[in-house]
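Colleague: This is the structure I want to talk about, given as structure tokens.
Nothing in this text is a laboratory measurement; each read-out follows from the coordinates by a stated rule. As the structure is a prediction and not an experimental result, all values here were calculated from the model. Virtual Cβ from ideal backbone geometry, glycine too; neighbours counted across all protein chains shown.
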Ligand code: ADP
Ligand code: MG
Ligand code: MG
């Protein structure tokens, strides 16, 4: 498999949404240790709405789908992380010519642009113990796989693996943003909730593609 049409891409996003919804308690537990414990609820709320928004609709283009996912998250999650996770899906498609199919290079390009928008908006860099710590390596993984002409399942597996390493690395970092910042070095050993969500999203895309 090297390209996804919009039906397959929709199917993939529905699979991702289901995984996020199922991860609510896990994410809550992580955000309780370093934050206020609302991350699991917010993500589940947003991705339940994504399931509703996608399931009975047909999408003309890849960009329409990303737009729908991102706008739904933005509208339903609320708060800072609604903007951040909305950005993860909306910002990468701004100004793109419409595509009927997505290959690894297109996905890598979309997520690269989203990542840059997210970093501009949130001001976080790798090492600040945020979702950027999982997102940036995931994007680099997709880009490297695309440059090597990997097929889609292999490329998405690479993205997921890199996201996981990035998420795990947040345990070694002190937070510069959000409530976790006030924990200082007490945050060492604990992983970031947003980075965990990013890993869940990339892992689900990979698992969907390998099935
Ligand atoms: P809140 O912190 O408002 O309770 P959530 O718990 O839903 O929102 O999300 C917290 C996550 O948001 C953090 O774990 C972190 O990954 C991410 N985050 C917070 N601030 C930033 C930022 N400035 N840039 C990128 N990600 C951020
Ligand atoms: Mg929180
Ligand atoms: Mg909160």
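Colleague: Give me the percent relative contact order of the range 3-210, please, defined on Cα pairs under 8 angstrom at least 6 residues apart. Each step should come with its number before you reach the end.
Modeller: Values: 383 pairs, mean separation 47.1, N = 208.
Here the relative contact order equals 23 percent.
Colleague: If I take all pairs of Cα atoms in the range 43-105, what percentage of them are more than 18 Å from each other? Mind showing how you got there, number by number?
Modeller: On the way: 679 of 1953 pairs.
Of all Cα-Cα pairs in the range 43-105, 35 percent lie more than 18 Å apart.
Colleague: Compute a Gaussian network model of the chain, connecting alpha carbons closer than 10 Å, and tell me which residue from 147, 163, 117 fluctuates the most.
Modeller: 147
Colleague: Here is a further query. How far, in degrees from 0 to 90, does helix 39-55 lean away from the longest principal axis of the Cα atoms of the chain, to the nearest 10?
Modeller: Approximately 10 degrees, to the nearest ten.
Colleague: Related question: For a test of the definition: using alpha carbon positions, the gyration tensor, and the 1.5 limit on a/c, classify the range 57-199 as rounded, prolate or oblate. Show your work: numbers first, answer last.
Modeller: Values: a/c = 2.47, a/b = 1.43, b/c = 1.72.
Because a/c hits 1.5 or more and a/b fails to exceed b/c, the range 57-199 counts as oblate.
Colleague: How many nm is it between the label spots at residue 176 and residue 11, if each spot is 7 Å from the Cα in line with the beta carbon?
Modeller: 4.2
Colleague: Something else now. GNM, the chain, Cα, under 10 Å: largest mean-square fluctuation among 14, 188, 65?
Modeller: The residue with the greatest mean-square fluctuation here is 188.
Colleague: From the helices alone, meaning DSSP H stretches of at least four residues, give me the mean residue ellipticity at 222 nm for the chain, per-run term -39500 (n - 2.57), in deg cm²/dmol to the nearest 500.
Modeller: Numbers: 9 runs with 144 residues, N = 211.
The per-residue figure over the chain is -22500 deg cm²/dmol.
Colleague: Please arrange 162, 173 by counting, for each residue, the other beta carbons lying within 10 Å of its beta carbon, fewest first.
Modeller: Values: 162 23, 173 20.
Arranged by neighbour count, lowest to highest, 162, 173 become 173, 162.
Colleague: Let a ≥ b ≥ c be the square roots of the eigenvalues of the Cα gyration tensor of the range 1-138; is it rounded (a/c under 1.5), or, if not, prolate (a/b larger than b/c) or oblate?
Modeller: On the way: a/c = 1.91, a/b = 1.32, b/c = 1.45.
It is oblate, given that a/c is not under 1.5 and a/b is not larger than b/c.
Colleague: Now a separate question. Give the separation of the Cα centroids, the range 6-50 to the range 51-92, in Å.
Modeller: Answer, in whole Å: 13.
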